[in-house]
1. Scan segment 103-119 and give yes if some residue there is modelled with pLDDT of 95 or more, under 28 Å from A236 (Cα atoms) and within 14 Å of ligand 2 (Cβ to nearest atom), otherwise no.
2. Any chance you could count how many residues in segment 93-112 are surrounded by 23 or more Cβ atoms within 10 Å (Cβ to Cβ) and farther than 21 Å from A179 by Cβ?
3. Working carefully through the options R59, R99, find the one that is among the charged types (D, E, K, R) and closer than 25 Å to T154 by Cα.
4. Residues that are away from ligand 1 (no atom under 12 Å from the Cβ), over 17 Å from the mean Cα position of the chain (by Cα) and not hydroxyl-bearing (S, T, Y): does segment 64-78 have at least one?
5. Going through segment 123-138 one residue at a time, which ones are modelled with pLDDT of 95 or more, away from ligand 2 (no atom under 14 Å from the Cβ) and crowded, with 19+ Cβ neighbours inside 10 Å?
6. Please go through segment 114-132 and give me each residue that is more than 30 Å from T158 (Cα to Cα) and within 11 Å of ligand 1 (Cβ to nearest atom), ordered by number.
7. Exactly one condition in (1) under 25 Å from I181 (Cα atoms); (2) more than 14 Å from ligand 1 (Cβ to nearest atom); (3) not acidic (D, E) is not met by L50; state its number.
8. Hey, does segment 113-122 have a residue that's surrounded by fewer than 23 Cβ atoms within 10 Å (Cβ to Cβ), without any contact (Cβ under 8 Å) to a residue 40 or more places away in the chain and either among the β-branched types (V, I, T) or in contact with a Lys or Arg (Cβ under 6 Å, 6 or more places away or on another chain) (or both)?
Amino acid sequence: MTDLAARLDEACRTGVAIPQPVDDFEPYEVQSELIGLRLDRGERLVGVKLGFTSEGKRRQMGVDDLILGRLTDAMSVHSGSRRYIHPRVEPEIVYLTGRRIASVTDAQRPGAVVAVAPGLEIIDSRYENFRFSLESVIADNTSAAGYAIGPWRTYDPTRWNLGVVMEIDGRAVQIGSTAAILGDPRRAVVEAARLAASIGLVIEEGSVLLAGAATPAEPLRPGAHVRVEIQDLGEAAFRMEA
Ligand code: 0L1
Ligand code: MG
């Protein structure tokens, strides 16, 4: 177990941010250790997420690739209380996989995605001031901190460019389109498969895939009610603990 994984895990549990790591580390190995600690405590792996799916965010960070994080059942906003540090929320489209995906070829086969839902992701960097490098944010499980998923619908690949409105306390705070996710959110399955295969991770049948943010993230404060509505798909919502 690396010291960085232990420190990130403690930051998650206590809600106290840590400084940027100065030591050398292998980012996805630290992420695996971090998730391993959660699984050891009885959490269940339910899927994966993509980060840096918008060109603007990659440019801002000076990086040219996406990042992959892992999701557990306990990260669902409906699974109980937790400590956040400086949480933000972003609207996402969510896919449900219909087959085991161990390669890009698997992701391109019919039935790779069987259902789609509107979703919200809470990101909460465990680093001070929400500042990180590409390597350190991968180690920090891509800032994944929570998610809410609305009702699933049968996947229709022809309906991919959909309007998105995110509201906080009844006020629209972000308006956008799912086309902002990789230029076409359908690409998310192949990209997730590519990154997962590169670290030896298999995306099991029945996994959730948070495809990426459709708009910039918004800061979250205690007690806030967040709702996203995606054209044709319906809504997902949650309330932050006060
Ligand atoms: O889900 C995301 O796109 C976030 C990726 C990590 C970067 C951040 O915390 O903003
Ligand atoms: Mg996200």
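The values are calculated or read from the model by the stated rules, or taken from the named source; none is laboratory data. This is a predicted model, so every value here is computed, not measured. Positions of Cβ are generated from backbone atoms using ideal geometry, with glycine treated the same way; all protein chains shown enter the neighbour counts.
1. First pass over segment 103-119, keeping only residues modelled with pLDDT of 95 or more: 103-119.
After this cut, where a residue has to be under 28 Å from A236 (Cα atoms) as well, the list is 107-108, 110-119.
If we keep only those that are within 14 Å of ligand 2 (Cβ to nearest atom) too, we end up with 118-119.
Scanning segment 103-119, I find at least one residue that is modelled with pLDDT of 95 or more, under 28 Å from A236 (Cα atoms) and within 14 Å of ligand 2 (Cβ to nearest atom), so the answer is yes.
2. 2
3. One residue alone meets the criteria, R99.
4. yes
5. Matches in segment 123-138: R126, Y127, S136.
6. Taking segment 114-132 as the starting set, the residues that turn out to be more than 30 Å from T158 (Cα to Cα) are 124-132.
Scanning segment 114-132 gives D124, S125, R126, Y127, F130, R131, F132.
7. Just one mismatch for L50, condition (2).
8. Taking segment 113-122 as the starting set, the residues that turn out to be surrounded by fewer than 23 Cβ atoms within 10 Å (Cβ to Cβ) are 113-115, 117.
Next cut, without any contact (Cβ under 8 Å) to a residue 40 or more places away in the chain only: none.
Scanning segment 113-122 turns up no residue that is surrounded by fewer than 23 Cβ atoms within 10 Å (Cβ to Cβ), without any contact (Cβ under 8 Å) to a residue 40 or more places away in the chain and either among the β-branched types (V, I, T) or in contact with a Lys or Arg (Cβ under 6 Å, 6 or more places away or on another chain) (or both).
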